[in-house]
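As structure tokens, the structure follows; a few thoughts come after it.
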Amino acid sequence: MRVFSDLNLDGQAPTRAQPGRGGWGAAGVPSTRWKKIQRIIVPVIVIGIAVALFFLGRMFYLLLTGA
């Protein structure tokens, strides 16, 4: 069973029917490999930001309460 959907949006369409297709591949479109990497990087960054905001809030709380 596949966890993720197919990241290749071109499918079986012929090259002439694919917009933005350059001589060596898609022009200005992220590669399938980069999309897979982003699926890992984005959740890690979001969790990192959430943890940083938590500790920033905790620091302000401790400063304001004098604990």
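Among the residues that make up region 42-50, is at least one of them at positive phi, at pLDDT 70 or above and not in a strand (DSSP E or B)? Explain how you work it out, then say what you get.
The initial filter retains those residues of region 42-50 that are at positive phi, namely none.
No; the residues of region 42-50 include none that is at positive phi, at pLDDT 70 or above and not in a strand (DSSP E or B).
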What pairs can you find where one residue is in region 35-50 and closer than 13 Å to residue 4 by Cα, the other is surrounded by 10 or more Cβ atoms within 10 Å (Cβ to Cβ), and their Cβ atoms are less than 6 Å apart, with a gap of 6+ or different chains?
-> 35/7
Considering (1) modelled with pLDDT of 75 or more; (2) among the basic types (Lys, Arg); (3) open to solvent by 90 Å² or more (accessible area, probe 1.4 Å), say which one residue 35 fails and leave the rest.
-> (3)
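The values are calculated or read from the model by the stated rules, or taken from the named source; none is laboratory data. Every value quoted in this text rests on a predicted model; they were computed, and no experiment measured them. Here Cβ is always computed from backbone atoms with ideal geometry, including for glycine, and neighbour counts include all displayed protein chains. Protein only, heavy atoms only, side chains kept; ligands, DNA and RNA dropped before computing areas. Shrake-Rupley method; radii C 1.70, N 1.55, O 1.52, S 1.80 Å.
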